[in-house]
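Shown next, in structure tokens, is the structure this report addresses.
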Amino acid sequence: MAPAGSFFQQAALPEQRLVEGVAFPAVLVPSAAAGHDELVAAVRSGRASLVEPLLGAAGAVLLRGFPARTAADFDRAVEAFGYEELPYVGGAAPRTNVVGRVFTANESPPDQKIPFHHEMAQVPTFPSKLFFFCEVEPKSGGETPIVLSHYVYKRMKEKFPEFVEKLEKDGLIYTRILGVGDDPSSPIGRGWQSTFLTKDRSIAEERAAKLGMKLEWTDDGVKTVMGPIPAVKWDESRGRKIWFNSMVAAYTGWKDSRNDPVKAVTFGDGSPLPADVIAECGKILEEECVAIPWQQGDILLIDNWAVLHSRRSFEPPRRILASLCK
């Protein structure tokens with residue numbers, strides 16, 4: 001069986017960007033035709049020597065052209081990386097378990113964009129890494145744009161120093177109103193039972209308390225209040241500050257029949273966020289992002305400490321799967 005070093009080779013795509021001298025994201029392709037067993041073996045042997053150094057430098061690695069076609073293939077590939085699974089407790093997106101540690105990505109309607117965010121940035125327990133897998137490529141659109149978090153922080157600090165200073169001092173409070181069951185028409189439509197993986201209110205309260213989340217029960221659901229929680233974090237492994245929040249996503253996208261996005265996120269002292277600064281931050285995110293069109297079989301590994309991601313609207317069919325890791 002071919003060693004990992006000869007199985008993987010780096011490639012370039014026109015959509016990649018050079019950020020501070022590093023190609024973003026890194027792209028790996030197979031050096032020769034091979035079966036799925038060889039992919040799994042190459043991942044196991046090459047993770048520490050090849051894939052993780054690339055992930056550390058670039059923040060994201062796209063594996064393209066490898067023999068992965070089904071959810072089960074993806075599950076085996078993720079398993080081969082050896083990362084511990086993170087249960088999806090406290091997240092907002094409607095998702096369905098497919099097989100093993102594989103879930104659907106956000107199931108909100110195709111005409112809805114999902115704004116940039118770090119995965120589960122609104123709770124203290126979040127994944128350090130996430131995988132996406134393209135099982136069915138979109139007819140059009142549907143990219144998962146990615147952007148380097150430290151670079152967004154740098155630009156925001158230069159443009160809005162007082163805002164960033166207050167953000168670093170006070171953090172953010174996220175407020176969300178959940179129904180009992182999931183609402184697939186909403187990008188934040190995960191009901192409280194699937195949010196806390198229980199139908200028992202007392203167990204939900206225990207799990208919310210472990211997250212530092214306050215619950216206020218209503219007749220038909222619950223109001224969740226999270227924070228104050230930091231909006232800027234220190235990336236220990238890279239020695240830099242990161243724009244680690246879901247501020248733009250909450251302020252512009254946490255909207256449905258229960259939720260008003262302007263009330264969904266505030267400064268940690270309860271004061272409202274300035275709409276003009278949020279809009280400018282959204283522009284910066286778009287300006288700095290990379291959006292590579294999905295191809296069937298693509299596996300995208302993201303370091304959640306380094307990279308924010310989003311989703312563009314699309315024309316079906318499209319089926320992107322995800323897996324979260326501690």
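The values are calculated or read from the model by the stated rules, or taken from the named source; none is laboratory data. These numbers come from a predicted model, not from an experiment. So basically every Cβ, Gly included, is an ideal-geometry build from the backbone, and we count neighbours across all protein chains shown. Side chains included, ligands, DNA and RNA excluded: accessible areas come from the protein's heavy atoms. Shrake-Rupley method; radii C 1.70, N 1.55, O 1.52, S 1.80 Å.
Summary of computed values
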{"read-out": "Options A80, A41, A23, A60: the member that is within 30 Å of K255 (Cβ to Cβ), out of contact with any Gly (no Cβ under 9 Å at 6 or more places or on another chain), of a type in the set (A, V, I, L, M, F, W, C) and modelled with pLDDT of 90 or more", "value": "A60"}
{"read-out": "Evaluation of I173 against (1) open to solvent by 50 Å² or more (accessible area, probe 1.4 Å); (2) in a strand (DSSP E or B) (one fails), failing number", "value": "(1)"}
{"read-out": "The stretch 200-218, subset among the aliphatic types (A, V, I, L, M) and surrounded by 12 or more Cβ atoms within 10 Å (Cβ to Cβ), residue farthest from the chain's Cα centre (by Cα)", "value": "I203"}
{"read-out": "Enumeration of residues in the stretch 1-51 that are among the acidic types (D, E) and within 26 Å of the chain's Cα centre (by Cα)", "value": "E15, E20"}
{"read-out": "Meets criteria (under 30 Å from T252 (Cα atoms), open to solvent by 30 Å² or more (accessible area, probe 1.4 Å) and either at pLDDT 90 or above or over 17 Å from the mean Cα position of the chain (by Cα) (or both)) for P110", "value": "yes"}
{"read-out": "The stretch 219-240, subset of a type outside the set (D, E, K, R) and free of Cβ contacts under 8 Å to residues at least 12 places away in the same chain, residue surrounded by the fewest Cβ atoms within 10 Å (Cβ to Cβ)", "value": "G239"}
{"read-out": "Scan of the stretch 293-326 for residues that are over 21 Å from P30 (Cα atoms) and among the charged types (D, E, K, R), ordered by number", "value": "D303, R311, R312, E315, R318, R319, K326"}
{"read-out": "Candidates V136, V164, filtered to the one that is open to solvent by less than 40 Å² (accessible area, probe 1.4 Å), at negative phi, at pLDDT 95 or above and of a type in the set (A, V, I, L, M, F, W, C)", "value": "V164"}
{"read-out": "Residues being in contact (Cβ under 8 Å) with a residue 40 or more places away in the chain, part of a helix (DSSP H, G or I) and open to solvent by 60 Å² or more (accessible area, probe 1.4 Å) - total across the stretch 48-80", "value": "2"}
{"read-out": "Cβ-Cβ under 7 Å pairs, at least 6 apart or on other chains, the stretch 9-36 side in contact (Cβ under 8 Å) with a residue 40 or more places away in the chain, far side buried (at least 16 other Cβ atoms within 10 Å of the Cβ) and acidic (D, E)", "value": "H36/D73"}
{"read-out": "Enumeration of residues in the stretch 170-195 that are touching an Asp or Glu at 6+ places or on another chain (Cβ under 7 Å) and closer than 17 Å to L211 by Cβ", "value": "I188, R190, G191, S194"}
{"read-out": "Selection status of D303, at pLDDT below 95 and either surrounded by 17 or more Cβ atoms within 10 Å (Cβ to Cβ) or farther than 25 Å from V61 by Cβ (or both)", "value": "no"}
{"read-out": "Residues (acidic (D, E) and in contact with a strand residue (DSSP E or B) (Cβ under 6 Å, 6 or more places away or on another chain)) located in the stretch 271-302", "value": "E288, D298"}
{"read-out": "Pairs with Cβ under 7 Å, 6+ apart, first in the stretch 275-291 and closer than 23 Å to L18 by Cβ and open to solvent by less than 20 Å² (accessible area, probe 1.4 Å), second among the charged types (D, E, K, R) and assigned to a helix (DSSP H, G or I)", "value": "I284/R155"}
{"read-out": "Candidate set from the stretch 1-19 (those that are open to solvent by 40 Å² or more (accessible area, probe 1.4 Å) and at pLDDT below 90); member that is nearest to L130 (Cα to Cα)", "value": "G5"}
{"read-out": "Strands (runs of 3 or more DSSP E) wholly inside the stretch 113-154 containing at least 1 residues that are under 17 Å from A58 (Cα atoms)", "value": "129-136, 146-148"}
{"read-out": "Search result, residues across the stretch 142-180 that are under 18 Å from the mean Cα position of the chain (by Cα) and under 30 Å from S194 (Cβ atoms)", "value": "G142, E143, T144, P145, I146, V147, S149, Y174"}
{"read-out": "Candidate set: the stretch 5-47, residues that are among the polar types (S, T, N, Q) and part of a helix (DSSP H, G or I); chosen: the one nearest to L301 (Cα to Cα)", "value": "S45"}
{"read-out": "Filter result for S194 (at pLDDT below 95 and crowded, with 17+ Cβ neighbours inside 10 Å)", "value": "yes"}
